[in-house]
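Structure record follows, encoded as structure tokens.
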Amino acid sequence: PGLAERIAGRLGGGTAQNVTVRAVNAVDLTVRRGEVVGIVGESGCGKSTLGRMVSGITVPSDGHLAFDGAPVATERRGHVVKTTTRVQMIHQDPFASLNPRRKVGDTIAEGPRVHGLVARRDVDAYVREILHKVGLGADYADRLPHQFSGGQRQRVAIARALAMRPDLLVLDEPVASLDVSIQAQVLNLFQDLRASLGLTALFVSHDLGVVRHVSDRVAIMYLGRIVELGSVEAIYRQPLHPYTQALFESVPRIGAGRARFRPIQGEIPSPIDPPAGCTFHPRCPHAGPRCRVEVPKLKAAAGAHEAACHLHDGGTGGTA
Ligand code: SF4
Ligand code: MG
């Protein structure tokens, strides 16, 4: 914990129709070095926005976001300027993030060259070494992105990020656009790289199975807030927050005889006009009077397992 990197701040999201949508709200998350934290939630919960802010692609509309005490991005004349190379992001669609007219070797080499991470004469060898790490032969350096399969492109995107020797990787749905068999290959590659390089990562996904596979700890997000945070074992063994419980019940279980599928009741409320109190209260089967007025804070409920729910108020057993 002494090595903890602290990501903190009061964060706001983008805008729609001149109304500020609070995509992410007062998220305070500490990622320990060498740890992978999974960020889970339904689409629109703010998990991608959080990833983009941590990566310096988006700046908070108010408040600040710092990595190791320094801002990851600033805004200059209306443009977001990333101010650190220590955080690197891997996107869902690797094709969109690769220049179609550039050899992938040049794409991988660009960052390290510009930032002087590698001596000019060593760049080619460096690129070959990184391609090898992600399971691609050195001859792939001279190919263009369209000559790669989806899984190979994602390997290139991982190579490009790793070439910057980041302290923190942010992966936003990195396997969501891939076939299931290819997903497993890319996830296994990630696990191998973790073991050999000791990566620290935020892994954003809507897929509870994927997150369980790769994470040490898991943060569950709902309407821009973290509503539950704990070790992967604790969260998958005993989810505490009613939203997390509903999320688990909405996933068909393999090997449980008949698949049990129970969608979460109600619609996700609009982030423009979120419900008062606990924002989950219109959908929560346990909602009481307190839930409609008082925002529950994320607090330790059982050891290091935290929940933002009046039922788990400070581990004493609260009332909703
Ligand atoms: Fe449900 Fe109340 Fe807990 Fe919110 S605070 S999740 S409404 S019980
Ligand atoms: Mg997303």
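Exactly one residue out of Val180, Val170, Val175 is surrounded by fewer than 23 Cβ atoms within 10 Å (Cβ to Cβ), among the β-branched types (Val, Ile, Thr) and over 16 Å from Leu136 (Cα atoms), and it is Val180. Hey, any hits in region 261-281 for a residue that's modelled with pLDDT of 80 or more, closer than 20 Å to Ser215 by Cα, exposed (fewer than 14 other Cβ atoms within 10 Å of the Cβ) and aliphatic (A, V, I, L, M)? No, region 261-281 contains no residue that is modelled with pLDDT of 80 or more, closer than 20 Å to Ser215 by Cα, exposed (fewer than 14 other Cβ atoms within 10 Å of the Cβ) and aliphatic (A, V, I, L, M). Of the helices (runs of 4 or more DSSP H) lying entirely inside region 176-246, those carrying at least 3 residues that are within 13 Å of the chain's Cα centre (by Cα) are 208-214.
What are the residues in region 76-106 that are among the small types (Gly, Ala, Ser), over 20 Å from the mean Cα position of the chain (by Cα) and either surrounded by fewer than 14 Cβ atoms within 10 Å (Cβ to Cβ) or within 22 Å of Leu178 (Cα to Cα) (or both), if any? Can you show your working first?
Filtering region 76-106 down to residues among the small types (Gly, Ala, Ser) leaves 78, 96-97, 105.
Remaining after also requiring over 20 Å from the mean Cα position of the chain (by Cα): 78, 105.
Of everything in region 76-106, just one residue is among the small types (Gly, Ala, Ser), over 20 Å from the mean Cα position of the chain (by Cα) and either surrounded by fewer than 14 Cβ atoms within 10 Å (Cβ to Cβ) or within 22 Å of Leu178 (Cα to Cα) (or both), namely Gly78.
If only residues of region 15-39 that are hydrophobic (A, V, I, L, M, F, W, C), out of contact with any Phe, Trp or Tyr (no Cβ under 9 Å at 6 or more places or on another chain) and not in a loop (DSSP other than H, G, I, E, B) are counted, the one that is modelled with the lowest pLDDT is Ala16. For region 114-129, filtering for residues that are part of a helix (DSSP H, G or I) and surrounded by fewer than 17 Cβ atoms within 10 Å (Cβ to Cβ) leaves 7.
Checking every residue in region 74-96 against the condition of being of a type outside the set (Asp, Glu), closer than 24 Å to Ala304 by Cα, at pLDDT 80 or above and part of a loop (DSSP other than H, G, I, E, B) gives zero matches.
Within region 130-154, count every residue that is in contact (Cβ under 8 Å) with a residue 24 or more places away in the chain and either under 26 Å from Met53 (Cβ atoms) or part of a loop (DSSP other than H, G, I, E, B) (or both).
Qualifying residue count, region 130-154: 8.
The values are calculated or read from the model by the stated rules, or taken from the named source; none is laboratory data. This one's a predicted model, so the numbers in the text were calculated from it and none came from an experiment. Reconstructed Cβ throughout: ideal geometry from the backbone, glycine too, with neighbour counts over all protein chains shown.
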